[in-house]
Amino acid sequence: MGRKLLLEHDGKPGIQGLEGYRANGGYRSVEKALKTMSPDEVVEEVKKSGLRGRGGAGFPTGMKWSFLAKPEGVPRYLVVNADESEPGTFKDRYLMERIPHILIEGMITSSYALGANTSYIYIRGEYFYVARILERAIAEARAAGWLGKNILGTGYDLDIHVQVGGGAYICGEETALLESLEGKRGNPRIKPPFPAVKGLYECPTVVNNVETIAAVVPIVNEGGEEYAKIGVGKSTGTKLISASGNIRKPGVYEIELGLPVEEFVMSDEWCGGVTGRALKACVPGGSSVPILPAHLLFKTVKLEQRLMTYESLSDGGFQSGSMLGSGGFYVYNDAQCIVRSTWAHARFYHHESCGQCSPCREGTGWMEKVLYRLEHGQGRMDDIDLLWDIQRRIEGNTICPLGDAAAWPVASAIRHFRDEFEYHATHPTKVKDPKHFEKEPFVPKPKLATA
Amino acid sequence: MGATVKAITTTEGTPPFHFSEAALAECKAIMARYPEGRTKSALLPVLHIAQAENNGWLSVNAMDAVAQLLGIRPIEVYEVASFYTMFNLHPVGRHVLEVCRTTPCMLRGADDLIAHLEQRLGIRVGGTTPDGMFTLRAVECLGSCGTAPMLQCGAKYYEDLTPAKADELIDRLRNSAERSNYTDR
């Protein structure tokens, strides 16, 4: 049983409310930070903790905070990214719904560290009911003196507001989020300037994921060094993993980074094993990361044990590795079709492209169309090279990472499952049945051993 | 969602729009959250309120009223309303059933749920029942992959659905006096 820092009190009676949360040690980090630490000391603890952004990019949080510009007389903002929309990811919703005060507590401590007096939570519009839960938590915290003017008599003021979005994956990209928060279309901005210099209302701004800000609570309570003792190498602390797909026990799990992937999938403590005939593949970090075939999931290509860390999951680069990403971990059994799932990925990115960069706006649509026809028995063999060509021309050629995120699932699917794409071109009648691999799995051609 | 174009309607034949007093008070409270000169920030939340006040969709009249309230040009409202998936620019059914179909839901049977709902309601995805009761949509990831297949209706998530549970939901919604809306008010 690993340590739990965020979900330790999950499910305890009353934990959703302020009283229950306080009874389990809640808001200690605010008292400690505001009364005994300077803002810079809080930043220092976060640096020592080795905490990396939990939204998907994995950028060191302490470093991001230290980039924040501090010009005289200009307000600074903390904006929490609760626009959780990466397919496969539902951990932030779970945390906000079940323990809303941990986010509010983390925001107070973090805003103090950054010198922000107004902070916003930007939450995806589909999570309206979660926004209501957060609004209630904020009202409770305010009534108890944790928010507002002169918090704990320290002279520090903070207001937190919840902003609902309108349904757009792209607003999870931090500059698109800021545009949306300003009441505009969610078109990502050209960087630089980065939000740390010119963010919300052209003021210095830090944008962090919900889980990242929640993790500041145990870091301040126990110290950055204690936090950094959990994990392996540069993957410190715990991580919320959203587990779904063809597993026995889907759900949100808090793991210590460094847990072997095999144990995470097979153990009854976590996913509880695969449903159906056999494991086929897994997307370990949200839809934007490369898909891994079964033989590369538990072991790397060098036959080392694969771990749930930023480094181990990306071991082998894009040839044989993937990424931890947002921790959206979905598992495929062998009744699933890779072409069909890749088509669904492409459709998603086409729908969610903001449309400002041509390679992404046009390319995602082309990929969706080509994948549609392959999956529906109207494809040709040269469609596979066409897809490869399109994804290659999107990657790296767009303002924001959505282009890469659209390209990688297609590239990795072709890289690891080319036989299956070819089968679709050569067996149009077979694949017209949408459940073409339900009765019998697809069996790839035997590979010749290469030196 | 700029890659899929949404067109706005004309004002022709659509009723005038006025915020109710309660809604107006709610909008003003939201507008007060932002620094001076930044009221445009309230646009998305105010559009949600306008939509809930206008039978679940944004007519040009409703969008013009939002522009006037926020002191911005109508085009600034149209360009935003047409960008985000949750704003309906055409009338919708009393209950909009939005089934998530993105890959993780697909792995757990979203296609079967959609087929079942199409058959049960007698409409295809994108359609509205002739009695105006239900609109059926297939949407992209709703962040509920662990409890798939699922659908959203208004502010509520209905998770771990089976055909029987979906039927039960439809019966319940059919008899509900309230229109489902995102703001849950």
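The values are calculated or read from the model by the stated rules, or taken from the named source; none is laboratory data. Quick caveat: nothing in here was measured; it's all calculated off a predicted structure. Note that each Cβ is placed from the backbone with ideal geometry, even for glycine, and that neighbours are counted across all protein chains shown.
Please verify whether A:R347 is touching a Lys or Arg at 6+ places or on another chain (Cβ under 7 Å), free of Cβ contacts under 8 Å to residues at least 60 places away in the same chain and buried (at least 22 other Cβ atoms within 10 Å of the Cβ), treating the condition exactly as stated. No, not satisfied. Being within 12 Å of another protein chain (Cβ to nearest Cβ), in contact with a Lys or Arg (Cβ under 9 Å, 6 or more places away or on another chain) and over 30 Å from A:P192 (Cβ atoms), is that true of even one residue in the range A:256-272? Yes, that holds for at least one residue. Hey, any hits in the range B:104-113 for a residue that's farther than 15 Å from B:R174 by Cβ, away from every other protein chain (no Cβ under 11 Å), without any contact (Cβ under 8 Å) to a residue 60 or more places away in the chain and part of a helix (DSSP H, G or I)? Within the range B:104-113 (the criterion being farther than 15 Å from B:R174 by Cβ, away from every other protein chain (no Cβ under 11 Å), without any contact (Cβ under 8 Å) to a residue 60 or more places away in the chain and part of a helix (DSSP H, G or I)), the answer is yes, since at least one residue qualifies. When the range A:181-220 is limited to residues that are facing chain B (nearest Cβ under 7 Å) and buried (at least 24 other Cβ atoms within 10 Å of the Cβ), the one that is nearest to A:L103 (Cα to Cα) turns out to be A:L181. Looking at the structure I just gave you, is A:E225 part of a helix (DSSP H, G or I), in contact with a helix residue (DSSP H, G or I) (Cβ under 7 Å, 6 or more places away or on another chain) and crowded, with 24+ Cβ neighbours inside 10 Å? Spelling it out, it is not the case that A:E225 is part of a helix (DSSP H, G or I), in contact with a helix residue (DSSP H, G or I) (Cβ under 7 Å, 6 or more places away or on another chain) and crowded, with 24+ Cβ neighbours inside 10 Å. Checked against (1) in contact with a Ser or Thr (Cβ under 8 Å, 6 or more places away or on another chain); (2) within 12 Å of chain B (Cβ to nearest Cβ), A:R306 passes all but condition (2).
Residue-by-condition table, conditions (1) at pLDDT 95 or above; (2) at the interface with chain A (Cβ under 10 Å from one of its Cβ atoms):
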residue: B:T4; (1), (2): no, yes
residue: B:E12; (1), (2): no, no
residue: B:A25; (1), (2): yes, no
residue: B:M31; (1), (2): yes, no
residue: B:R38; (1), (2): yes, yes
residue: B:A50; (1), (2): yes, no
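Contact list please: Cβ distance under 6 Å, first residue in the range A:147-176 and within 13 Å of another protein chain (Cβ to nearest Cβ), second residue surrounded by 24 or more Cβ atoms within 10 Å (Cβ to Cβ) and of a type in the set (V, I, T), pairs at least six apart or on different chains. These pairs meet every condition: A:V162/A:I121; A:V164/A:I123; A:A176/A:I170.
Under the condition of being of a type outside the set (S, T, N, Q) and either at the interface with chain A (Cβ under 7 Å from one of its Cβ atoms) or not in a strand (DSSP E or B) (or both), the residues counted in the range B:137-155 number 11. Taken together, the residues in the range A:345-362 that are within 14 Å of A:A405 (Cα to Cα), more than 7 Å from chain B (Cβ to nearest Cβ) and of a type in the set (D, E, K, R) amount to 1. Scanning the range A:314-344 for residues that are of a type in the set (A, V, I, L, M, F, W, C), outside any loop (DSSP other than H, G, I, E, B) and within 11 Å of another protein chain (Cβ to nearest Cβ) yields A:F329, A:V331, A:I338, A:W343, A:A344. Of the set (1) over 23 Å from the mean Cα position of the chain (by Cα); (2) at pLDDT 95 or above, all apply to A:F67 but (1). Any residue at all in the range A:410-428 that's in contact with a Ser or Thr (Cβ under 7 Å, 6 or more places away or on another chain), buried (at least 16 other Cβ atoms within 10 Å of the Cβ) and either assigned to a helix (DSSP H, G or I) or among the β-branched types (V, I, T) (or both)? Yes, the conditions are met somewhere in the range A:410-428. Residue check: B:R124 meets all listed conditions (1) surrounded by fewer than 17 Cβ atoms within 10 Å (Cβ to Cβ); (2) under 21 Å from the mean Cα position of the chain (by Cα); (3) over 30 Å from A:E438 (Cα atoms); (4) among the basic types (K, R) but one, namely (3). Taken over the range B:156-185, the criterion of being assigned to a loop (DSSP other than H, G, I, E, B), within 23 Å of B:T85 (Cβ to Cβ) and more than 11 Å from chain A (Cβ to nearest Cβ) is satisfied by B:L161, B:E178, B:R179, B:S180.
The set of residues in the range A:59-78 that are in a loop (DSSP other than H, G, I, E, B), surrounded by fewer than 19 Cβ atoms within 10 Å (Cβ to Cβ) and touching a Gly at 6+ places or on another chain (Cβ under 8 Å) comprises A:F59, A:K70.
Annotation: B:V77 fulfils all but one of (1) more than 11 Å from every other protein chain (Cβ to nearest Cβ); (2) touching a helix residue (DSSP H, G or I) at 6+ places or on another chain (Cβ under 7 Å); (3) crowded, with 19+ Cβ neighbours inside 10 Å; (4) over 30 Å from A:V331 (Cα atoms); the unmet one is (1).
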